[in-house]
Structure formats: C-alpha cells, structure tokens
Amino acid sequence: MSLGRLLRRASSKASDLLTLNPGAGGSSLRSGLDGEIIFSKNNVCVHPAEPLPGLAEHHPGYLCVHVEKDECLGSTLILTWVPNSRIQRQDEEALRYITPESSPVRRNARRRGRRNITSSTSAQSLVGESGSDPSSNQQQLLLAGEEGDEGSYELSDEVSRDSTMGSDSDTFSSPFCLSPVSEALCESSGSVFLDPESSSASSLDSHAPSEGGGQSQAMRWEEQQKLLALEQLCGVFRVDLGHMRSLRLFFSDDACTSGQLVIASRESQYKILHFHHAGLDKLAEVFQQWKCCRETQPKDQVSDEKSCMQFSIQRPTLPSAETHPEERLYRRVDVAAWLRHINHSGQVEEEYKLRKAIFFGGIDPSIRGEVWPFLLHYYSYDSSSQEREAWRLQKRAHYHDIQQRRLSMSPEEHSEFWRKVQFTVDKDVVRTDRSNHFFRGENNPNVEIMRRILLNYAVFNPDMGYCQGMSDLVAPLLTEIQDESDTFWCFVGLMENTIFISSPRDEDMERQLMYLRELLRLMLPRFHQHLTRLGEDGLQLLFCHRWILLCFKREFPDTEALRMWEACWAHYQTDYFHLFLCVAIIVLYGEDVTEQQLATDQMLLHFSNLSMHMNGELVLRKARSLLYQFRLLPRIPCSLHDLCKLCGPGMWDSRYIPTVECSGEHPDSLSCPYGGTSTPQPSSPSGSKKRDIFTFRKQS
C-alpha cells in the first residue's frame, strides 16, 4: 500500500476516534488504543529561527498526534512533524515516523506485505515522473503507488483530509506542497537527506565533486550542502507531550482557527508549529480533552515530577467597553488627509490634530517618507517648502563633511575606530532585515548605504558611538525615506529628540524600568505582586528589555511595529507611550505568568515565545485605552510625575495636572522634589483592607 493511502487511512482512523462527544471528560482519549492516531494535519509549517537569504521562510510538513501508553502518566500523546520533502523522498522512513509501531494502520500495512523501498529508489522514481516538469509539483505531492505495484509511484491529485474532531465533512483544500528547498532536494538525482541514525562521512563524500569536475558541479554540490543543512534544521520533530513543560496555542485570526502551537521542553527549548490554514482549533479541542483526562486521574497513579505540564490557549480580546472612547473616529492618514494639513506655502497646519490622527490611525506607507521627517524633528512643522529644500541642501553638505572626517582618519585613528565601531557595524548590517526586499541579495547597495549611515553617526556622536540594535532602527528609516542624507538626519532626530530610542546608558534604561514598574503597580497590581515575590530578579523586568531597546521590532511584524513607532513619535498626551505598549502586552498575554506562578527564567521564555505571535493592532488599542485610564486618575505617585510632562496640552488651554502624592522614596531629600503631598491613609475598620488610592475612574 502506498504512503498516500496510509495517510488517508490514518486520517480516517483519527476522525473515527475524535468524533466522540467532546463533553465526555476525556473518556475518548482514555479509551484510545495504544498507537491510535487522534489528530492529523497537512501543510503545518516550521520556520527557521533565522531566515536564510534566498530561501523560503515556510517549510510545510505533515503533523500527527497519536496515543501511547505511559507507565507514569497512564496514557500520553506523541506529536510528530515530518517535512513534506521527507515524505516525498523516503516512503519507508516517513511511514516509520508518522505511523507508530503499535498503530493499526502500521500493522495493516505489514499484513499486506508492503515491500521495503530504499530512499534512492524512491527519489529516482519521483524524478523520473516529475523531475522534467517542475510545475507539476504544484499538485499534491503524495506517493500513491497502487497496491501490489513494486516500486511504482505516481503523483496523486487527491486532497488529504484534515483529520480533526468532528471533521468528517471538513476537507483541507490546500494540497501537500514543497518549499523551494524541498523541491531542489527532490530534483537531485538521488536523496541527499541524511538520516541521523545512518549518516557517515562516506555518504557525504559520495556527493563531493571530483578534482576533475567542472565549476558548475562544485557549485551544485555546495548548493546541495546548503540545502541539506537547512533541511536538517527543519527535519523530523517528535516529542512526548506528556513530558513537556508547556503547550501554548496562540490564535492569530478572528475566527480562532489559525495560529501557532508553541511546545516548550523542561530544558527551556521550544518549537513553534505554524497553522496557516486552520486546524488549530481542532487541535485545541484534542488538548483540552487530554488535559481533562489527566486531571481526572487519581493522584496516586500520576508521578508529581511528570504531571506539571502547563497548557494554555491564548485568545486575547478587547471588549468595546475597554477601548479608548475615540478609537473608531480616526482613519489612517493617507495622501488626501495629509494634503489637507498642507497650506499653499507648504507649511503643516493644525499640527496637534495631525499628530492625534497619526496616534489613532497611523500613516499610509506611501507617504511615510514625507511625513516621518516631521515626526522625527528633521523638518519643522511651520517650515515652508522652499525653506525645507534649502535646509536639505545645508544638511546634505554637513553630512558630506562628517563622512570626509571619517574617511580622512589617520591610520591610528582608523585602527581604533575599526576596533570600537566598524567591526561590530560590519557584522550587524549584513544580518539586518535581510528578508526585506530592500536589503535582499548579495552585494545589495542599500546594505552599504546603511553601513555608511551607522559609521558616520558614530563619528557625528562619538559619545554614543554604535550599539548593537541601532541597525534595526536605521533599516526601516532607510526603507521608507530612501535617501542617505535625509535618513541620517532622521536617525539623529530619532536618537536625540525621542525617548523611544536604543539607549546605551544604564541610567536611561533604569528610568524606563522604574516608570514601567510603577505603571504595573497601578494598572496590574497582581502581576506586580508576583514580580515582587520573585525578588530583585523579577523586578529587573528582563523579559521586556528587548521591547524597549529595539522598539518592539523583534516582537511584531514590520507593518505592526512601524504603526507602534508612529504612535510613539506622535507624542500624543504622553512621551512614554511605548511603556503603555509594554503594559498592554502584559495585560493581554501575561495571565499565564500569574496563574502558573512562573519563575524568572520561565517568564522570560514565555514572553520570548510570544515574539511575532501577538496581535499588534490589539496591543495598540489596549495601550491607548490604558493611557486614557491613566489620565483619568485623580492622583498619581510622584515617581510618574514626568510621564506626561513634555508633550504639552496642544491646542487646549487646560493641562493634565493630577494631584501628585509623594511615594516617600527620596532618601537624599527632606521634601518631595516634585511637590508631592503625603496624605495619611484613613484608618480602616478592624479586619478590613485599606482601599487602594490608585483606582481607575469608570468611563462614562
């Protein structure tokens, strides 16, 4: 029997088992036979931790979950993910991974007397049928040899079924697909995949080019080795879920069907499986039944050491009652809206309204290159078009002078500059945003422009020099502005005129963390109490250092991260909006930390796993709501006195002036430097708790 038919039979078995009553309290899983496949899904993707230039980000594969008896847990679940290319090239090996030894599917296959087929035979027959026409690989690539055919294979157009709970009628329309890596490997004359159990130096040598081979043969061999290395990074993944530390499901769509499954081991290693085409909701039901099954087992039958697996489903939502009252009133600032703010001289009118619109709606990507220089203080809002053009010429000449200073360094100066600055810059720029088409490819001139900007900035501001992470801030500016001199001066404005920067000074970072701790104490007291119980390590907030230093660029896709940048640059009602974004992330995605009382390292892993899996638009809306609630507070601690001081009232006469109460944490001063008053707490009745003075007003 072919692997394609076996997979379809496995799918049928999974459907038969999982169409039981979900409210049975886990009985369906408890009654599952050893080796029964209870979930299967095709085209589940694995993404390399660091995207490699020229290679696809998505590496699809086949995922299945089967029941296995366990001495400690009673029954456990084994999750296996096999790349599609592995299924395509090695029928026998893929079957061994996907169908467990005790599975009825596996046993039935053996009774039918299926013949062992080597990987090379499988690969050669595949190439013989589809290698000449790469376009045919867009069909579903399942090996579907008929029963009784010895070594005969053909490409099947049938679509495999998404075998999940109650999915008899649910079909998955996307066929098995191969990444460019997998296609290249399949097109080779033989399998270049090395099984970890049987790999040896001799197998590598068999693919090495001979001394008399041409340059093309050597290049082909090097390319195969490169693809092989990536294939091993995205190779077979198989774990016992009962022995994992945590399973977390993050839904990324409103229907809660697609998203990511994050599996964390007890050694703090994790694997992320991406469900781009639904199915994650069905897997969540499987895990819910399994969790219920585990919880109903007698405690004396389950080892404490092996029953601490944490399971959570992240479906963050924001009820309309918790949003900013003006949330839906502003649209993205597009060309038409921008032109309405420009008068006949080119001056920007109603600056406050413009910044407010940007705060709520963001900027259309087509005009970012024109608007960002105003937000970054390169241009003045009241400057005319002619004044701006004269200013550009002046700053361009200044930039040229800075570059000449760098190029005319003495050998001794250059040697020190290379050691302190250039060596690090050269390493960073080639790794920054390489997945962005603007910087993609070898010898890309835009990478060299970014390098010059960073080197020249270190000359312009020798006190700050260069710190790792600055390239992550320059890259989006250069992508949108696309002028070297203008990008340089916008970067200067970013570093000098905004608090939302990558700062190399410890005192600046500590001030940010102090503000953030105080905001958490006011707005999320339960989380702050957990941090306090963890001691100094918890209060260091290590999990959010990268958020602040890299401006959320590593936490969200560029489209969402840049929206956050614009909201911060608008300086609407606060100069520290990025801290409200931090609090919003914790409010929406940090419940597990307090529910499961995570330690410092587990908390760091939890938020690291969230990278690129959070809903940026939801975080923005929550942050705006938190800012609104903060400004309704009648009293604030003196430690947060400066949080809204610099932004000013805009066009309004009234300022935000809440009552400031002294926190009493001024050991070097007899009185509060912010004029805060120390109001005595009223005595509370015996046995009753004191009321927290920092309570939010309800929205009218």
Seminar exercise, completed: Gyration tensor (Cα only) of the stretch 365-497 to equivalent ellipsoid, semi-axes in Å sorted down, yields 25, 19, 12
Seminar exercise, completed: Most packed first (mean Cβ within 10 Å per residue), the peptides 523-535, 465-477 order as 465-477, 523-535
Seminar exercise, completed: For Lys420, placing the label point 7 angstrom along Cα-to-beta-carbon and taking the stretch 447-469, residues whose amide nitrogen sits under 13 Å are 458-467
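What does the accessible area per residue of the stretch 506-661 come to in Å², with a 1.4 Å probe and no ligands, DNA or RNA counted?
I get 36 Å² per residue for the stretch 506-661.
Can you give me the accessible area per residue for the stretch 365-497, using a 1.4 Å probe, in Å²?
48 Å²
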For this session: Convert each backbone phi in the stretch 328-334 into a coupling constant with the Karplus relation 6.51 cos²θ - 1.76 cosθ + 1.60 (shift: θ = phi - 60°), then list the ³J(HN,Hα) values in order as whole Hz, x for Gly and Pro.
Result: 9, 8, 10, 9, 4, 6, 9
For this session: Would you grab the residues whose amide H sits under 5 Å from the one on Val333? Only those 5+ places off in sequence or on another chain, please, with H modelled 1.01 Å from N.
Result: Gly362, Ile363, Asp364
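When the accessible area of the stretch 506-661 is computed with all protein chains present and a 1.4 Å probe, what percentage of it is carbon and sulfur?
After summing per-atom areas, the C and S share lands at 50 percent.
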Exercise. For the stretch 312-365, which whole-number percentage of the solvent-accessible area (1.4 Å probe, protein heavy atoms only) is attributable to carbon and sulfur atoms?
Worked result: 47 percent
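Going by average Cβ neighbours within 10 Å, how do the peptides 592-598, 406-412, 82-88 rank, with the highest at the top?
82-88, 592-598, 406-412
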Exercise. Once Rh for the stretch 506-661 is found with the Kirkwood sum over Cα pairs, what is the Stokes-Einstein diffusion coefficient at 20 °C and 1.002 mPa s, in µm²/s?
Worked result: 133 µm²/s
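The values are calculated or read from the model by the stated rules, or taken from the named source; none is laboratory data. Keep in mind it's a predicted model, so treat the numbers as computed, not measured. Note that each Cβ is placed from the backbone with ideal geometry, even for glycine, and that neighbours are counted across all protein chains shown. Heavy atoms of the whole protein, side chains included, go into the accessibility calculation; ligands, DNA and RNA do not. Shrake-Rupley method; radii C 1.70, N 1.55, O 1.52, S 1.80 Å.
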